[in-house]
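One structure below.
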Amino acid sequence: MNPLASLARRGLFLFDPEAAHGLSIKALKTGLVPNCPAKADKRLFQTVAGIEFPNPIGMAAGYDKNAEVPEALLKIGFGFTEIGTVTPKPQAGNDKPRIFRLVEDEAVINRLGFNNEGHGAALARLKACSRHALIGVNIGANKDSADRIADYVGGIHTFYSVARYFTANISSPNTPGLRDLQARESLAALLSAVLAARDEEARRSNRRVPVFLKIAPDLTEEGMDDIAAEVLAHDLDGLIVSNTTLSRDGLKDQRQAKETGGLSGKPLFEKSTAVLARMRKRVGPKLPIIGVGGVSSAETAAEKIRAGADLVQLYSCMVYEGPSLPGRIVRGLSGLCDRERLTSIRDIRDSRLDYWAGRNV
């Protein structure tokens, strides 16, 4: 990290984490964060689920919950970005404080609880974006919903005209009972309903928008078997592996580790990458997978690809590495292609699949 970025981080860290997050959104809105688009490199170009990605590095959901700065994020090096999680009705989320920095671990614990302004506010902002902007929409259910599956279906219908892809988020640990939707019977019902809504919209618009499913890193082997079986039984376009973890293994900051919520950042890297590889083994080589969790460098991004990912997302590590991180990663991947004489970054995919699938983490 350069001295200026280090100084900016120290300044932001004087603020409560949620306040600092708000300041970073304002900085992107006002142009205080300089544009640093990644240099085009055909070796990083990917076609995944029918979408052409200029590079494989994306901003994960959770940062831009209300679609305030998706295009600004694309200008700092990301190949794509994902807004949300968005719920049909606005909701405040859980009580504050609800975000905690574990600085020694370069980690974050959050228990936000899908705080967002609802479908209407996000839709209005996305309609103002360029139709060429590669923006995914992460959809979820309201905490007090009487029919959570209907909330996901509503998300498909609401955002179909503006989403380049959808992510059904059933893996946040901060909405009570949400992860129950990963159970096989519930997942079958959810996927059937969501994909039926997508197919209905596709027929109406003559445009097929891919749907991804975002899963937790805390699944049992049986749970992974069930998810893989249902994913393969339905016409799902891909998986996102993974969300935050409830595990606190190996953390240095034991005081903050006691906070409830999902852990993200560097400590999540090994667990999420192992789950990614195990899911790749289960679903086979064709289904697209986006790898998320602990990505802090070009090497960790490349390792996700070696473990079976087609694309990679990050968020929490940018808290510690600053807004230049996506551009640095993209440049680093170009350098890797140079060193290994790759014609495509995809050439390394699955090259360490067995290693990661065998990791006991």
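For segment 134-162, filtering for residues that are buried (at least 24 other Cβ atoms within 10 Å of the Cβ) and within 30 Å of residue 45 (Cα to Cα) leaves 9. Within the set 287, 232, 268, 251, the sole residue that is part of a helix (DSSP H, G or I), touching a residue at least 12 places away in the same chain (Cβ under 8 Å), on the phi < 0 side of the Ramachandran plot and in contact with a strand residue (DSSP E or B) (Cβ under 7 Å, 6 or more places away or on another chain) turns out to be 268. Residue 180 meets the conditions (1) at pLDDT below 95; (2) not in a helix (DSSP H, G or I) in every case but one. The failed one is (2). For residue 245, the stated conditions hold: it is under 14 Å from the mean Cα position of the chain (by Cα) and either buried (at least 24 other Cβ atoms within 10 Å of the Cβ) or of a type in the set (Ser, Thr, Tyr) (or both). Of the strands (runs of 3 or more DSSP E) entirely within segment 19-115, none holds at least 3 residues that are at pLDDT 95 or above, of a type outside the set (Ser, Thr, Tyr) and on the phi > 0 side of the Ramachandran plot. Inside segment 125-153, residues that are over 18 Å from the mean Cα position of the chain (by Cα), closer than 28 Å to residue 29 by Cβ and among the small types (Gly, Ala, Ser) make up a count of 2.
The values are calculated or read from the model by the stated rules, or taken from the named source; none is laboratory data. This structure is a prediction, so every number in the text was calculated from the model and none was measured. Reconstructed Cβ throughout: ideal geometry from the backbone, glycine too, with neighbour counts over all protein chains shown.
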